[in-house]
Every structure is written in structure tokens, then in C-alpha cells.
1. Here is a list: Leu172, Leu221, Leu232. Which entry is among the aliphatic types (A, V, I, L, M), at pLDDT 85 or above and touching a Ser or Thr at 6+ places or on another chain (Cβ under 7 Å)?
2. When residues of segment 80-102 are filtered for being part of a helix (DSSP H, G or I) and over 15 Å from Ser133 (Cα atoms), how many remain?
3. Condition check: at positive phi and crowded, with 19+ Cβ neighbours inside 10 Å. Does Gly29 satisfy that?
4. Within segment 103-115, can one find any residue that is of a type in the set (A, V, I, L, M), on the phi < 0 side of the Ramachandran plot, surrounded by 20 or more Cβ atoms within 10 Å (Cβ to Cβ) and not in a helix (DSSP H, G or I)?
5. Can you find even one residue in segment 63-79 that is part of a helix (DSSP H, G or I), polar (S, T, N, Q) and under 28 Å from Arg134 (Cβ atoms)?
6. Here are some residues: Thr257, Thr289, Thr251. Which one is among the β-branched types (Val, Ile, Thr) and modelled with pLDDT under 80?
7. Scanning for something among the aliphatic types (A, V, I, L, M), in contact (Cβ under 8 Å) with a residue 24 or more places away in the chain, assigned to a strand (DSSP E or B) and under 18 Å from Cys233 (Cα atoms), does segment 165-174 turn up at least one residue?
8. If you check Asp80, Asp54, which single one turns out to be modelled with pLDDT of 90 or more and surrounded by fewer than 22 Cβ atoms within 10 Å (Cβ to Cβ)?
Amino acid sequence: MSASIPPQPEVHPAETRVIVVGNEKGGSGKTTAAMHLIVALLRSGFKTGAMDLDVRQKSLTRYVENRKNFSVAKGLDFEDLPTPEMQVAPYSDLDSRSDARKIEQDGFLAALQKFSHCHFVVIDCPGANTHLSRLAHTYADTIVTPMNDSFVDFDLLARLDPDTSELLGPSLYSEMVWNARQQRKLATEGTGEEGTIDWVVMRNRMGAANAKNKKAVGEKLEAFSKHMGFRLCRGFGERVVYREMFPNGLTLLDMGTKAMKRKASSMSQVAARQEIRHFVGSLNLPALTPAAQPVPREKASSAA
């Protein structure tokens, strides 16, 4: 992975790039994508943090905990099995909606500040429309939206006419991303920054066969991407290997290392590693330098 993302040894406190992995549907592979991205960045030499906003499932939290437990059990250090710094979601269950949102916003910003020494922080969002998820999207520099390759998940992005299959308009999630982009643009006016959020839709769990449905979904995604300004990338295939490593907190990028001496051997494992490389490379993550001008996070809208 280091060939595609050269490591940067130093980072300015305010240069942390926020990558949000989110959509409003479960089962699309958000946590798998987030964890493999985190490990790819860590193994490329970047200081990387992680935040889990799914206060119920906590899949990313458990993934990282499993990784830490495996590392202790095997006597491994950070170089053997790099593990991200983790922050939990500042969730509030107060009856007052405004008070709860204030607590969550303050807690979120405090958690984000704890990653100020990191090059990247990857945030895993729940498959639901929550205040924390909307807030995270507002602070994102890159949004990754995994979706299963079907018209069921296409509904996450846009509404289709059931008779003609014509695009009727954006979904609530797409409108939320659009609003996040507008808020970022307003927050960065006069700062010299473009204030843009890069949105990447990840076509996940794609079948190997060139099915008619897959082609139709692809054509609609291409058409809608021009309207909403997102980029498309190929995600991960429907492979058992992505799931079987979760109990030990491992990823396919750990294969062949001291933590997991067994190298990728099967065609599925080799193909999966290539999928990960392609995914990370498609994000076009910038190299961070001390001269880069940070986005002023404190100016982002509190109305998310």
C-alpha cells in the first residue's frame, strides 16, 4: 500500500483529514471498508484514528478491540500489528432534543480534537439518520458511501419511477450530503480553501458475472453521479474471507506479516487484496505537508 500513499512523518495538528464512511442502510459493508482503509493507512506510515458513531452495533469498536486482544495474546507490538487510536461516539439520550444535540456536538468536536496529531481519522457511521451521522458528514473531507449493487440500495441515493426507471430526484441521504457540502462551502469562505467534500460511492458486493441488473444499476449510477457530483469506485466482492478475520481483528492487509505469517494463497484472497488496493487508491487522498492550510473545523455549521 505504501507505493500508492507515501508516508508523511510529521503532521500539523489541524491538518487531520476526516474520512466518513456512511449511508443510511445497514449491511452494505461500511465497517469492513472502514477497517481495511484504516489498516491500509496505518501500514503506509500514517498516524490514523478511528471513531465509531454506531452506538448500538459498535461493529468498528469491536473490530478494533478484537485486534488489540489478538495483539496482546500473540505478544505483538504496534509495528507488528498497527492498531488505530479509538474514540467512542458522544451519544446523548436526554429528552430535550436541543440539549442532546448540544452535548453530542460538543463531544464530537472534543473527540475530533483528540485526533489532531493524526494524518487521518476514519469515522464509521450507523445505518440510520442520526444527529451524530449528520454532524460527521458536515466535517468530512471525504465521504465514502458503500452500497450493495442492486436497485434496493440504489434507493439510498435516488428515487426512480417504478414504470419508466427514470430518475425522479435525490434521496434524503443524497440531500443530506448536499447540505453538508453547502455548509462546508460557507464555513470556508474567505479562508483560501475550496471547501469541497469529495464524495465517493463504492459499488460493494458485486457479483463476478456481467448480469443485466448490474449493468442497469451501473448506468443509473453513472447518470446520477453527474447530477450529484459523486465519483464511483469498485468496492469489495462478496467474499467470506472479509468476514472470517473479524473475530481476531485482522484484515487481508495483515496477511504475510509477523501477525499473520500465512500469505494470500487462494485466488479469492489475492483478488480481495487487489480490491482493497484499488479502493484505497481511488480515494485520491492527498499527501499532507506542513505548508497545507487546514480547514477551520470550528467554523463548520452547528446546525447539522
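1. Details: Leu172 fails: touching a Ser or Thr at 6+ places or on another chain (Cβ under 7 Å); Leu221 fails: touching a Ser or Thr at 6+ places or on another chain (Cβ under 7 Å).
Exactly one of Leu172, Leu221, Leu232 is among the aliphatic types (A, V, I, L, M), at pLDDT 85 or above and touching a Ser or Thr at 6+ places or on another chain (Cβ under 7 Å), namely Leu232.
2. 3
3. yes
4. So far as segment 103-115 goes, no, none of its residues is of a type in the set (A, V, I, L, M), on the phi < 0 side of the Ramachandran plot, surrounded by 20 or more Cβ atoms within 10 Å (Cβ to Cβ) and not in a helix (DSSP H, G or I).
5. No, there is no match, as no residue in segment 63-79 is part of a helix (DSSP H, G or I), polar (S, T, N, Q) and under 28 Å from Arg134 (Cβ atoms).
6. Values: Thr257 fails: modelled with pLDDT under 80; Thr251 fails: modelled with pLDDT under 80.
After ruling out the rest, the residue left standing is Thr289.
7. No, because not a single residue in segment 165-174 is among the aliphatic types (A, V, I, L, M), in contact (Cβ under 8 Å) with a residue 24 or more places away in the chain, assigned to a strand (DSSP E or B) and under 18 Å from Cys233 (Cα atoms).
8. After ruling out the rest, the residue left standing is Asp80.
The values are calculated or read from the model by the stated rules, or taken from the named source; none is laboratory data. Just so you know, these numbers come straight off a predicted model, no measurement behind them. Note that we place each Cβ from the backbone using ideal geometry, even for glycine, and neighbour counts take in every protein chain shown.
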